[in-house]
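Down below is the structure, laid out as structure tokens.
What follows draws every value from the coordinates through simple rules; no lab data is involved. Quick caveat, the model's predicted, so the values are computed rather than measured. Cβ placement follows ideal geometry from the backbone for every residue including glycine, while neighbour counts extend to all protein chains displayed.
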Amino acid sequence: MKNRTSKIWSMALAGALALTGVTFSSNAANASTGVVCQDCDLVGADFSGQNLDGADFTNDNLQQANFQGASLIGANFTNANISLANFRGSSAVDGNFTGVRAWNTNFTYSDFNRAIFPNADVRGANFSNLSITSSDFTNAQGNQANFSHSNVWNSNFTGATLDYAQFDHDDLGVNFNQASMVGADISSSNAPGASFINVNLTYADFSDTNLQGANFDGANLSRVKFDDSTLGGAHMDNANLNGVSYAGVSSGEIIGNPVTNTYGLEFHDGYFFGPGVDLNGAELFGVDLSSANLAGADLRNGSFNNANLSLANLSDALISGSNFSGANMAGANLTRTWSVNANLTGADLHKANLSGAYLTGVTLTNANLDGANLTGLNLNGLNLSTATMRGATGSFITGTVTLPINWSISQGELTYTAPIITASAKPSVSGKARLALNVGTWQSTATVVLTINWYTCKAAVTSVKSGVPAGCKIVSGAHGNKLAVAKALKGKHLAALVTASADGAKSVSWFTKTAKPSK
């Protein structure tokens with residue numbers, strides 16, 4: 001029988017060949033369509049380049065067989081042992097591989113679209129660089145299988161065991177529900193809408209993968225790498241995110257409530273917040289990120305109007321083009337932030353640390369910079385004239401900047417010169433039944449605010465004083481520049497104390513000469 005192999009296969013050219021339990025040599029050439037060889041021992045057989053469309057290899061032993069370049073469209077390999085076989089460059093569209101054993105089998109560069117592998121054992125098999133769309137691997141055993149650089153779109157891996165399998169650089173609109181994918185590599189792949197419901201993905205790698213709209217409800221994502229991945233619109237209800245890696249992750253409109261349990265990582269408003277996250281273009285009006293750690297995060301072109309970022313860590317973050325108008329950033333760490341053209345109008349930055357930040361084109365109109373640290377800044381072209389800067393400090397400052405009155409930069413040092421209040425004309429009172437106060441004329445480099453109090457004195461005050469003389473008592477509720485002389489005040493010595501104050505200046509007071517309305 002062994003020497004008749006070539007002749008036996010050539011007989012199949014005219015129709016189906018049914019040979020059960022027959023052992024073939026390793027050179028089974030010139031096979032044709034419709035071949036039926038169930039329960040055959042075909043170890044090492046060579047079918048390379050043959051047309052075996054519709055062939056039936058059910059229960060065959062095809063270990064180390066060579067199907068390279070063969071056409072196997074609609075072929076049936078149910079329960080066959082094809083371990084270590086070579087299917088490189090073959091076409092097995094609509095092939096049936098139910099229950100096969102395919103340990104370390106080579107399927108590379110092939111077309112296996114719509115092929116089915118339910119309950120198959122494909123551990124260590126190489127499915128890289130092939131098209132296997134709309135395939136079925138339900139309950140398959142696929143530990144360490146390699147599907148990298150393949151198109152696995154619309155395939156079903158429900159309940160499969162795929163620990164340490166490789167799906168990197170793939171197109172993966174796939175159903176992995178209930179599967180085990182411990183340590184799987186799904187990096188640099190395109191997997192929008194992929195479903196990982198209740199999947200164990202511990203230590204899996206999703207780095208740089210598009211997971212837009214993917215479903216991770218109930219999944220175990222402990223220690224998973226999401227670095228530089230896109231998770232916008234993903235479902236993550238009750239997903240376990242313990243100890244995940246998330247540098248550069250992009251989120252937004254995430255559905256559900258994941259359990260983070262990861263240091264520095266927060267989840268709310270549909271976004272992940274933490275060091276290095278990607279929030280480029282995020283619209284987070286009024287969001288509460290107080291004390292959040294966003295060091296090195298990408299917050300460019302976002303909307304954070306009226307957000308609470310008090311005590312937040314934004315060191316080394318990118319905030320260029322973002323709107324922080326009205327935001328509370330008190331005590332925030334903004335060291336070395338890249339803030340080109342950011343809008344900080346009306347932002348509260350008191351006691352914030354901006355040392356080393358890059359502020360080209362930043363708008364700080366009416367911002368509160370009281371107590372802020374401005375060390376090492378290039379303020380060239382900025383207008384801080386309407387900002388408040390009480391107690392602000394800074395050295396090694398460069399650039400030409402418009403500062404509030406009384407502030408200057410001398411040899412790189414931020415300097416404040418306290419304003420002085422003077423009165424070129426001192427206040428006076430006049431009148432009888434109704435006294436009028438001339439508040440005087442005051443000068444200062446800062447805006448002067450006047451406070452008026454009226455007094456009754458036991459004796460006449462004949463000259464303007466810098467304080468309240470002895471024997472004078474305040475008239476309750478009298479603070480205007482006119483005083484109607486009530487019956488109780490007639491015949492009394494009346495005067496006014498005018499106190500001038502200005503931001504950062506020592507207040508100055510002048511007490512007028514008294515007037516004595518007749519009884």
Three-way shape label, region 422-511, alpha-carbon gyration tensor, a/c 1.5: prolate
Mean Cβ neighbour count within 10 Å, used as a protection proxy, ranking 108-115, 214-221 highest first: 214-221, 108-115
Built amide H within the under 5 Å cut-off of residue 493, gap 5+: 457
Two-site label geometry, residue 341 and residue 257: point separation in nm, points 7 Å out along Cα→Cβ: 4.0 nm
Protection proxy ranking, peptides 503-512, 131-140, average beta carbon neighbours within 10 Å, highest first: 131-140, 503-512
Estimated distance in nm for a label pair at residue 441 and residue 383, the labels positioned 7 Å out from Cα along Cα-to-Cβ: 3.2 nm
Among beta bridges that DSSP assigns inside the chain, antiparallel share in %, nearest 5: 35 percent
Table column - 3J(HN,Hα) (Hz), region 424-438, Karplus curve with 6.51, -1.76, 1.60, x for Gly and Pro: 6, 9, 7, x, 8, 10, 8, x, 10, 5, 9, 8, 10, 10, 8
Estimated inter-spin distance, residue 290 and residue 506, nm [label 7 Å along Cα→Cβ]: 3.9 nm
Amide H contacts of residue 461 (H built 1.01 Å from N, under 5 Å, at least 5 apart or other chain): 514
Shape category assigned to region 173-215 from the gyration tensor of Cα positions, a/c cut at 1.5: oblate
J(HN,Hα) series, region 296-313, from Karplus relation 6.51 cos²θ - 1.76 cosθ + 1.60, nearest Hz, glycine and proline x: x, 6, 9, 10, 5, 6, x, 10, 10, 3, 6, 6, 9, 10, 4, 6, 6, 9
Too-long pairs where the Cα-Cα distance tops 32 Å, listed order kept, from 351/426; 225/351; 351/473; 458/482: 351/426; 225/351; 351/473
Near-label residues of region 337-365 by backbone N, under 14 Å of a point 7 Å along Cα→Cβ of residue 400: none
Unit charges at the beta carbon, dipole of the chain: most positive-side option, 150, 518, 91: 518
Relative contact order computed over the chain (Cα-Cα under 8 Å; 6+ residues apart), in percent: 4 percent
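Packing-wise, with mean Cβ within 10 Å as the measure, how do 189-199, 490-500 rank, highest first?
Taking the mean over residues of other Cβ atoms within 10 Å, the ranking is 189-199, 490-500.
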